Every structure is written in structure tokens, then in C-alpha cells.
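Notes follow the structure.
What follows is calculated from the coordinates using simple rules that are stated; it is not laboratory data. The model shown is predicted, which means the values in this text are computed figures rather than measured ones. Ideal geometry is used to build each Cβ from the backbone, glycine not excepted, and the neighbour counts take in all protein chains shown.
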Amino acid sequence: MAIGYRTSGVEGRPDPSKFDGPVEVGSADRLLPAPPNIAALTAFHYVLLGEGEQVNVLREMFENLLVASMDRETATNAHPAFVTMISQLTHDEAWILKSIDRRRYAAYNLFDQNPEGYVLTQSSPGFRTLLGIDLGIKQPLLQQCISNLERIGVLARPVRHPGR
């Protein structure tokens, strides 16, 4: 059962020339009303994104959250705080998240640069990571993106305890 359209039309209105396909929820018996604490904020932030290719990945995240909140089987996983989290992402950060292989634990390695090359470390300033490396994001921007993902609670650095 289709419940909406992925589109980049004006103010979220369907634009047949930019139709990406229906957003699906399993069957009619799984369909719930959109929770106002997710639907209203999602619509607001969706409109604020504006137009353009760069915001498509963020629009898709908002759409998926709204659809999940309206599906009886996934509604409990759609927390209202996710709207705010998505609204604090840049398109680069959204691409980093989409690049994580969700079938494996999404840890990321931190590296420090020294005369011998890169060494695995736990230090924060000037860290390097392999997370998102294939996306073409320059290293200083990648560091900012990962710091923001940590700030909003999407990523966490593993803590190593001395002597273990």
C-alpha cells in the first residue's frame, strides 16, 4: 500500500517530473495515523531544506522516519528526537551514515599521523578515520562531520581502558 511519494516538488508537493516512486507501508492493517510530534516537525524541516540534489539524502531520511512512524510494525522505533537529529545533519553527514554497512557493527578507527605513518590511537585532535573515506569528503571536513555525529549521539567512540 503506497502512502506517499518521494518527490522534490515545491514545498513537498508531488511533482510528476521528479517522481522517485511510492513510499511503501506493508498493508492497510499496518497503517497508523501520523504522530503529530513527528509529522509536524518533519514537514517543517522538510520544507526548510529547500531544493537541490544535495538535500535529497536528508529528504529521504525524513521520509523514512515519517513512514516508519506510520507503520504499526516499526512505529515504536520512530522516536520524535530523530527529527531533531536529522535536522542537525549536513548532506555529507547523511552520506557518511548511509555508507555504514548496517550488517556489521559500525565502529570506526581513529588514527594519528606520526613520522612512520598513521597509528591507531584514541586521541581526539587531528584524528583520521576510515569511516566515509570512499565518499570523497576532504579530511578536515570529514573530521568536523564525525565530531558533529558524535555530538548529536549518532556515533560514539569506543573507550579503551588501560591494562585491558
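Of note:
- Interchain or long-range residues, amide H under 5 Å from Asp71's placed H: Leu32
- Distance (nanometres) between label positions extended 7 Å along Cα→Cβ at Lys138 and Ala43: 4.0
- Here's how it looks for His79: its modeled amide H is under 5 Å from none belonging to a residue 5 or more places away or on a different chain.
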